[in-house]
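Let me give you the structure first, and then I'll get to my questions.
Each value in this text was obtained by applying a stated rule to the coordinates, not by laboratory testing. Owing to the predicted nature of the structure, the values given are computational and were not obtained by experimental measurement. We place every Cβ from the backbone using ideal geometry, glycine too, and count neighbours over all the protein chains shown.
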Amino acid sequence: MEGNRLLGLGAPQLDWTKAPGRVPGFWVALLGLVVAVVFPVPALLVGGVGLAFTLQARRVIPAGAVGSGLTLAALALAGATLAVVVLQIVLSMVL
């Protein structure tokens, strides 16, 4: 075992880019942010669907793995959608 160089190679890296809900969650969350500018209430529904897809992928992908960046971006987009909708509702009440 002393001269075995295969042990130094380590375990094969897993490909998390095929995780279910990763890509659709990003696109639906982005769509929710775009829709939030014009239609705030339907954007909550679209953003919720994007958040559900993203959380589904986030449960599968470990932290720091290849492919986890897109899920984090989708989570940020879903949060931005929520923030835009809340800001629009508050501004409509004040003005």
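Using θ = phi - 60° and the Karplus form 6.51 cos²θ - 1.76 cosθ + 1.60, what ³J(HN,Hα) does each residue of the range 68-77 get, whole Hz, x for Gly and Pro?
Values, residue by residue: 7, x, 5, 5, 5, 5, 5, 5, 5, 5 Hz.
Would you order Ile61, Ile89 from fewest to most other beta-carbon atoms within 10 Å of each residue's own beta-carbon?
Sorted ascending by nearby Cβ count, the order is Ile89, Ile61.
Out of every Cα-Cα pair in the range 19-94, what percent are more than 14 Å apart?
Summing the P(r) tail past 14 Å for the range 19-94 gives 54 percent.
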